[in-house]
Protein chains: 2
Amino acid sequence: MPKISFKGLNMPDSPIRKLTPIADGAKALGRHVIHLNIGQPDVQTPPMAMEAVRSMDRTVLEYSPSEGFVSYRKGLASYYSSVGVDVTPEQIMVTTGGSEALAFAFMACLNPGDEVIIPEPFYANYNGFAATAGVRIVPVTALLDDGFALPSMDAFEELITERTKAILICNPGNPSGRKYENDSLDTLAELVKKHDLYLVADEVYREFDYDGKLSRSVLSMEGLEDNAILVDSVSKRYSMCGARIGALVTRNASVYRAAMKFAMARLSPPTMAQVASEAALKTPASYFEEIRLEYMQRRDVLVEGLREIPGVVCPTPGGAFYAVARFPIDDCDVFCKWILESFQWEGATVMLAPNTGFYATPGLGKQEIRMAYVLEVSEIRKAVTCIAEALKVYPGVVMPRTQSHS
Amino acid sequence: MPKISFKGLNMPDSPIRKLTPIADGAKALGRHVIHLNIGQPDVQTPPMAMEAVRSMDRTVLEYSPSEGFVSYRKGLASYYSSVGVDVTPEQIMVTTGGSEALAFAFMACLNPGDEVIIPEPFYANYNGFAATAGVRIVPVTALLDDGFALPSMDAFEELITERTKAILICNPGNPSGRKYENDSLDTLAELVKKHDLYLVADEVYREFDYDGKLSRSVLSMEGLEDNAILVDSVSKRYSMCGARIGALVTRNASVYRAAMKFAMARLSPPTMAQVASEAALKTPASYFEEIRLEYMQRRDVLVEGLREIPGVVCPTPGGAFYAVARFPIDDCDVFCKWILESFQWEGATVMLAPNTGFYATPGLGKQEIRMAYVLEVSEIRKAVTCIAEALKVYPGVVMPRTQSHS
C-alpha cells in the first residue's frame, strides 16, 4: 500500500471536531449533548440573506469571477467604510470562508520554512493552513492569568529570526475572547514596520465586541499599507457558517496579485452563498445590537457560573463568543473525552474543546478548556451545572494549592 | 515592503482566465466576445436542484459535517453504484469543488518534493494544487497527432523515480477531450500496482462521453483498492459550476483519514450547494441524454468547422467538452491576445485558451489552442468564422510545410 504523506500523518486533528465520534456515541445512548465545542451560533441568519437565495432567478448556477462578484465586492467596500476601513473593491478578494483567505495569505507571502509568529493559544485550524503552506508557526505565549493580553513586544522580538515573515493575530480572539487595546496594536504596528513583516489579522469576530467600541482594524492602522492583510468572513457576523464566504483584503497589490493566482486555481467561491452574503450586507444595525446584548448575557451566565465552581478560573472575554477557563483537572483531553463517555447529569452531557489543541508549545493548556457560548442561556446554565457536577466526580481532579507566601 | 513568496511569484497564471482583462477591454469597446476559453456550460442546471434551495426551510445557515451531509453521501453512494462503482458513504468525502478534492489528495498522499506523473497537456489548475502541496509534476507527453492517447507504459516507466508517488489522469480528458480505452487503463493499473503508486483520477466529465459507453472508473478497476483515488465534481455533470461541490472517493482508509484532517481545518463544504447537489442526484437520465446529443452536435460543428480552415488540425474528442486544435500560428499566447485586442469579425471576437498553459514541458503546445464547446451551435459557428477570418490576417501565420518524403 502506498504511504500517506508526513503532513497527513502529523497534522493534528481539530480539537473542535475530533471528539465528534465520541459525542455521537453519547447521543446514540440517548444523552442530550450540549455543544460548547464549536462556534456554530444558534442565531437566526438575517432573513433577507436566505430570501435573496430563494428569489434568485438564475437558471444556470455559474462560476463567479475568481475574486468574487463585483457587486458583492462593492457592497463589501461600503461595509468596510462603515467600520472605518477605506478600501476599494479591487482590494477585496472574496474567498471560500475566512479559512481560504488565510490559506491564500500564507501561500502568497511565506515560503516553506518561513516563520509566522502567533500569540498562543490560537485558533487551531491555523495549524492546518500552516502545514499546507509548509510554514512554521512560532508561538508567543499569552497567559490566562493576564486575560490573554497581547504578549510584550520584547517577547515577540526575541522570536524574530531571518525566517520570520509575518505576525498573525486574531482580534477579537478565538479561543481567548481577548480584545486588544489600541495602544497594544500601535506598538505591534511599530514592531511590524521595524522588521518589515506582514501583519495578518483575523477579524471575523469584529461585531462581537462587548464594550461597544469596535476593535481597531489592521487596515485602519497608518503606515501598514504594504504590511497589513485582513482575513474576514460572513460566518459569525451573520450566523452564516455554512455559506463558506470570506474575504482577503489588502492594499498591497503584489500580495493581491499573488493570491489571485491561487484564487484562479480553485476557480471561484460559491455562487449562491455570495448572493446570500451580498444581501446580508443590508442587515440593520438593530440585528447586531440585539445579538450583542444576547451574547453578553450568555457570556455572563457562562463566566459567572464557571467562577462559582471551586478551582475554576475564567477571565472575562471582551469579544468574540468564546471563553477559556482553567479547570482543576489533570488533563483536558482526558476530561473532555471522559465527560462525553462516562458522565451525564439529568440525561445531558457537554462537548468541550480541550485547549491543548490551541497551543503550539507542547504541554501548555493542559488544564484549560475552550467553550463557545453560542447557545441559549438555558442551555448554557445546564452546561455549567453539568460541568460543576462532573468536576465533583471526575477521577483526575487536581485542586490548585492555595497560594503560599514562600 | 515585505516580499511575496516564490510560489506566489512563480505560480503560472491560469491560461483559462488570465486574458480576462483583455476580454473586458474588448467588451468595453462594444465587441461581442464569444467565450470558448472556459468550460462554463450554458446548459440549464436541473430545476430540481435550484428548487431544493428555494424551498429550504432552514433559518440558520449552519456548517455541515466536514465530510459533508450524510444524506448527500448516501445519495452519492447510490449514484456511484449506478455507474458501476460500489462504495460506501464512509468512503466519500464531500469537498469544495473537484479542486479541493485534488488538493486534499495531494496533501494527504505526497510530501513536498514528491513527484506525480501526469499526461500532458493537462488541466492547468493542477499546477496550482501541486504548487500548494510542494509537489513536483513530471509530465509524460501525449501527442495531438495521436489524438492525445495515453502515452506508452514505457514512457511512463522511464519517468518513475524513488520520488514518484502517484500518477494522475483525467478521463475523459481536459483539455484533450480524450477518452481512454479500457485496455490502456488496465495496462496503467498494472504499472501502478507494480510500483505501488497512487492512481488519482479526475473523472468530472464522466457523463460527457460520445460513444455512449461510460469510461471505466478508477474505482471499478480490480486490485487498486489501496491505490485508487477518485476526484469528482457536480460542476459539469449538472451544469452547477458555481455550486463548488465535489468529492474525494477512496477505499483507502488511511488516505481518507489523512484527507479528513485537511477537511476539518477548512470546516465544511458549502451548505446550500450541498442541498442543491443532493437534489440534483434525482436528475433523470433523459437530461443527460439530451445534453449528450447537444454536445455531440456542438463538437461536430466546432471540429468540422475548424478542419475546413487551411492549416488547422483537430482530433475528434471522445468525451468532455473541449477540443484542442493545432493552428498555423507562431505563438498561441500572442494569437489569443491579438484576436481579443486587434481583431473583430462583424463586431465579434473570440476568447480562447492558449494550450501552452496546459503543458509542463516548456516550449510545447505553442501552436495549440483549447476550445470549450459549451455554447449554442450558432455561437460556435460564429466563433469558427471569426477564427477563420482572423487566421487570414494574423501577422504571425506559419503555414505547415507539406510533408515531404525525405
Does region A:335-347 contain at least one residue that is hydroxyl-bearing (S, T, Y), in contact (Cβ under 8 Å) with a residue 24 or more places away in the chain and either within 18 Å of A:A149 (Cβ to Cβ) or not in a strand (DSSP E or B) (or both)? no
Selection status of B:L144, away from chain A (no Cβ under 11 Å) and either more than 27 Å from A:M1 (Cβ to Cβ) or touching an Asp or Glu at 6+ places or on another chain (Cβ under 9 Å) (or both): yes
Let me confirm something: among B:D232, B:D183, B:D211, which residue is acidic (D, E) and more than 20 Å from the chain's Cα centre (by Cα)? B:D183
Report, by residue number, each residue of region B:11-25 that is crowded, with 21+ Cβ neighbours inside 10 Å and under 18 Å from A:F262 (Cβ atoms). B:M11, B:S14, B:P15, B:I16, B:R17, B:K18
Please find, within region B:254-273, the residue that is farthest from the other protein chains (Cβ to nearest Cβ) out of those that are crowded, with 24+ Cβ neighbours inside 10 Å and of a type in the set (S, T, N, Q). B:S268
Yes or no: A:V234 crowded, with 24+ Cβ neighbours inside 10 Å, more than 10 Å from every other protein chain (Cβ to nearest Cβ) and touching a residue at least 40 places away in the same chain (Cβ under 8 Å)? no
Kindly provide the set of residues from region A:276-295 that are crowded, with 24+ Cβ neighbours inside 10 Å and either more than 8 Å from chain B (Cβ to nearest Cβ) or not small (G, A, S) (or both), ordered by number. A:S277, A:A280
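The rows are residues; the columns are (1) touching a Pro at 6+ places or on another chain (Cβ under 7 Å); (2) charged (D, E, K, R); (3) modelled with pLDDT under 95.
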| position | (1), (2), (3) |
| --- | --- |
| B:D114 | no, yes, no |
| B:F129 | no, no, yes |
| B:V138 | no, no, no |
| B:G147 | yes, no, no |
| B:A155 | no, no, no |
Assigned by TED's automatic domain parsing to the domain that holds A:L293, out of contact with any Phe, Trp or Tyr (no Cβ under 8 Å at 6 or more places or on another chain), in contact (Cβ under 8 Å) with a residue 40 or more places away in the chain and part of a loop (DSSP other than H, G, I, E, B), is that true of A:L364? yes
Residues within region A:88-108 that are closer than 19 Å to A:K282 by Cβ and out of contact with any Pro (no Cβ under 9 Å at 6 or more places or on another chain), tallied: 2
Take region A:156-181 and flag every residue that is under 29 Å from A:K213 (Cβ atoms) and β-branched (V, I, T). A:I167, A:I169
Pick out the one residue from A:E304, A:E308 that is modelled with pLDDT of 95 or more, more than 23 Å from A:D209 (Cα to Cα) and acidic (D, E). A:E308
Return the pairs, sorted by first residue and then second, in which the second residue is of a type in the set (A, V, I, L, M, F, W, C) and surrounded by fewer than 19 Cβ atoms within 10 Å (Cβ to Cβ), the first residue lies in region A:182-210 and is touching a residue at least 12 places away in the same chain (Cβ under 8 Å) and over 26 Å from A:N111 (Cα atoms), the beta carbons are less than 7 Å apart, and the residues are 6+ apart or on different chains. A:T187/A:M153; A:R206/A:V83; A:R206/A:L214; A:E207/A:F288; A:Y210/A:M296
Answer yes if at least one residue in region B:38-54 is out of contact with any helix residue (DSSP H, G or I) (no Cβ under 9 Å at 6 or more places or on another chain), more than 9 Å from chain A (Cβ to nearest Cβ) and closer than 27 Å to A:A273 by Cα, and no otherwise. no
On the basis of being outside any helix (DSSP H, G or I) and either within 12 Å of chain A (Cβ to nearest Cβ) or over 23 Å from B:P89 (Cα atoms) (or both), does B:P21 make the cut? no
If you take the residues of region B:194-217 that are out of contact with any strand residue (DSSP E or B) (no Cβ under 9 Å at 6 or more places or on another chain) and at pLDDT 95 or above, which of them is nearest to the other protein chains (Cβ to nearest Cβ)? B:D196
Could you list, in sequence order, all residues of region B:56-73 that are touching a residue at least 40 places away in the same chain (Cβ under 8 Å) and either in contact with an Asp or Glu (Cβ under 6 Å, 6 or more places away or on another chain) or among the hydroxyl-bearing types (S, T, Y) (or both)? B:Y63, B:S64, B:S66, B:S71, B:Y72
Select from region B:298-334 the residues that are part of a helix (DSSP H, G or I) and in contact (Cβ under 8 Å) with a residue 40 or more places away in the chain and list them in ascending order. B:R298, B:R299, B:V301, B:L302, B:G305, B:L306, B:V334
Odd one out for B:A52 among (1) over 23 Å from the mean Cα position of the chain (by Cα); (2) farther than 21 Å from B:L375 by Cβ; (3) outside any helix (DSSP H, G or I): (3)
Within region A:1-10, the residues that are surrounded by 17 or more Cβ atoms within 10 Å (Cβ to Cβ) and either polar (S, T, N, Q) or more than 7 Å from every other protein chain (Cβ to nearest Cβ) (or both) are A:S5
Would it be correct to say that B:T88 is surrounded by 23 or more Cβ atoms within 10 Å (Cβ to Cβ) and modelled with pLDDT of 95 or more? no
Of all residues in region A:26-37 being in a loop (DSSP other than H, G, I, E, B) and away from every other protein chain (no Cβ under 14 Å), the one that is surrounded by the fewest Cβ atoms within 10 Å (Cβ to Cβ): A:G30
Looking at region A:93-116, can you tell me whether even one residue there is of a type in the set (F, W, Y), within 11 Å of chain B (Cβ to nearest Cβ) and surrounded by fewer than 21 Cβ atoms within 10 Å (Cβ to Cβ)? no
Assuming A:V43 fulfils every condition listed in (1) out of contact with any Phe, Trp or Tyr (no Cβ under 9 Å at 6 or more places or on another chain); (2) closer than 30 Å to A:A348 by Cβ apart from one, which condition is it? (1)
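The values are calculated or read from the model by the stated rules, or taken from the named source; none is laboratory data. Quick caveat: nothing in here was measured; it's all calculated off a predicted structure. All Cβ positions, glycine included, derive from the backbone under ideal geometry; neighbour counts span all protein chains shown.
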